[in-house]
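All remarks here apply to the structure that follows.
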Amino acid sequence: MMDDGNNTPRRRRRHSAEFKAQVIQACKQPGVSIAATALRYQLNANQVRIWIKAHAQLAIPSTQITPVNSVPEFIPI
């Protein structure tokens, strides 16, 4: 194993919701690839895809989801 002289351990980076929204918005521009945007922000493209998927799931309003009630509560005999 090669020693690059850097003995500090890598730490997990945490990004704010505003930063994630900025990256997602940049990915949505026409003609822009997710990979290119990730490189510009020094991120992994797979991580950006996860953020986009999570953002899309949160964007679905709960009013569109209606419970399925196929059996009526009262059945007359």
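The values are calculated or read from the model by the stated rules, or taken from the named source; none is laboratory data. Since this is a predicted model, take the numbers as computed values, not measurements. Side chains included, ligands, DNA and RNA excluded: accessible areas come from the protein's heavy atoms. Shrake-Rupley method; radii C 1.70, N 1.55, O 1.52, S 1.80 Å.
Tell me, please, whether a residue that is hydrophobic (A, V, I, L, M, F, W, C) and at pLDDT below 90 can be found in the range 2-10. Yes, there is a match, as at least one residue in the range 2-10 is hydrophobic (A, V, I, L, M, F, W, C) and at pLDDT below 90.
State yes or no: is ARG40 modelled with pLDDT of 90 or more, open to solvent by 70 Å² or more (accessible area, probe 1.4 Å) and charged (D, E, K, R)?
Details: modelled with pLDDT of 90 or more: yes; open to solvent by 70 Å² or more (accessible area, probe 1.4 Å): yes; charged (D, E, K, R): yes.
Judged against the criteria, ARG40 is a match.
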